[in-house]
Amino acid sequence: MTAADGLGPVAEAVRKAFVDAEGRPVAVRVRRLDAADFRGRGRVVVPDAATVAELVPSQRVTGAVVVADEDATVLLHTDDPEGARLAPTAAGVDAATAELTGTVSRLRAEAGVVDALHSIGRRLTAQLERERTLAAELSRSMVPAAPRIPGLDLVTRYLPAATGSKVGGDWFDVLRLGSGATAFVIGDVVGHGVTAATVMGQVRTAIRSYALLELPPSKVLRNVSQLTSRFAEPSFVTCFYAVHEPADHSLTYANAGHLPAVLVHADGTPEQIGEALAQPLGVGAEFPQEKVAFPPETDLLLYTDGPVESRTRDLTLGIGGLLAALGGLRAGPDAGTAWDRLIHDLTGGSHDDDIALIHVRRRDGGAA
Amino acid sequence: MLVIDLSAVDFLASAGMAVLVWAHRQAEPADVRVVASSRLTLRPLQLTRLTDELAVFLSLPAALEGA
């Protein structure tokens with residue numbers, strides 16, 4: 001056992017609460033939590049003060065306790081008025097981790113606070129898991145199978161967030177249009193979970209509808225932005241929309257606040273296109289479009305920020321890393337496998353945000 | 001006037017930017033200023049062109065002066 005600064009009552013409650021079958025105290029180490037404890041642990045849930053008050057009205061909440069038992073179940077509470085529903089925001093919450101070094105058979109009844117917390121922890125963990133599953137299911141159900149397009153090799157990926165409950169906001173689409181053109185859509189809805197997934201579904205459908213009318217990219221995004229700004233919940237959606245016209249080997253695009261796309265020229269040189277053209281959907285009103293040549297042996301990459309941005313990675317450096325890796329990716333025979341490896345390398349195998357991407361290669365001489 | 005100082009912020013994703021836009025579009029206070037002093041916060045604001053709409057300053061003194 002070690003003392004933890006400022007955690008006296010919390011530590012004491014934890015130590016009293018855990019006993020073995022004979023009622024003997026189980027060795028418990030109590031220490032202050034820091035932000036690092038929360039990273040990559042999707043099951044850590046800190047209820048806010050209001051939630052705790054609702055669930056256990058008779059308990060006065062004085063600190064936060066996190067206990068990981070053999071099932072990795074987490075229980076905790078906080079009197080921080082801001083609460084901390086999920087991991088990273090919990091930095092600074094007065095919290096303790098108790099690491100059980102023995103087998104816990106029961107919680108001592110008089111330590112009612114901790115007992116109640118254990119059940120809260122389980123309930124919240126289960127709620128979180130249900131929401132995550134629902135959001136993932138909603139998102140997955142909307143992930144399209146990329147159609148086969150003459151003259152184009154396509155790799156598409158959609159990977160829900162691997163950690164936490166952040167799944168839900170990213171999407172992509174590849175649409176064959178009546179004229180023979182192909183529309184590529186990639187986007188990201190602010191927020192996560194079920195709300196983001198349902199907003200995404202509406203925005204995605206709206207874009208598909210305008211795309212099939214073959215409106216030019218600037219008009220597609222303008223119409224959808226008007227719709228988005230009228231949603232009941234204020235929404236903020238970034239989207240890159242590009243149309244490949246095989247007849248004149250061109251690509252016409254507009255960008256609503258999304259990351260720039262990457263054009264990889266035949267000699268392997270990457271070029272970012274469409275950077276900072278317009279504001280996000282729901283915010284912006286005008287969406288200027290640009291047109292570039294898209295000849296055979298050229299690649300187009302559309303992606304969301306999952307592979308390039310995180311709390312621990314500077315966006316600018318992340319994009320740089322992606323651009324640097326594209327050369328090697330193009331050289332390989334199997335782009336799909338190469339992408340899986342690259343995503344793993346860029347994210348350290350544990351992406352904490354959704355990842356969506358479309359990689360298009362114009363095949364040599366394959367004009368439709 | 002409300003000054004939102006992001007100087008100590010090292011990660012600004014769309015959720016944070018949505019809040020900045022929301023604050024800016026509230027009727028009160030009418031004058032919302034954002035301090036984004038590093039690339040970590042300025043770059044996302046530039047990519048989304050929120051710099052067109054928000055009053056973004058490179059330092060707190062500049063924001064307070066309104067320069």
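Shielding of peptide A:222-230 by partners, expressed as the average count of other chain Cβ atoms within 10 Å per residue Cβ, is 0.
Just the Cα atoms of chain B, one point each, no solvent: what log10 I(q)/I(0) does Debye give at q = 0.15, 0.16, 0.17, 0.24 Å⁻¹? Once normalised to I(0) and log-transformed, intensities are -0.40, -0.45, -0.52, -1.06. Take each residue in B:12-25, count the other chain C-beta atoms within 10 Å of its C-beta, and the mean is 4.
Highest mean first, the peptides B:9-15, A:242-248 sorted by other C-beta atoms within 10 Å per residue fall in the order A:242-248, B:9-15. If you put +1 on each Lys and Arg Cβ and -1 on each Asp and Glu Cβ, how big is the dipole of region A:144-362 around its Cα centre, in Debye rounded to 20? Here the size comes out at about 500 debye. Rounded to two decimals, the Cα-based Rg/Rh of region A:144-362, with Kirkwood Rh, is 0.94. Peptide A:272-281 has a mean of 3 when you count, residue by residue, the C-beta atoms of other protein chains within 10 Å of its C-beta.
Look at the dipole of region A:144-362 built from charges on Cβ: of A:Phe294, A:Ser218, A:Ser229, the Cα furthest out on the positive end belongs to A:Ser229.
Since every read-out is calculated from the coordinates, none of them should be taken as a lab result. Since the model is a prediction, treat every value here as computed from it, not as a measurement. Cβ atoms come from the backbone with ideal geometry, glycine included; neighbour counts cover every protein chain shown.
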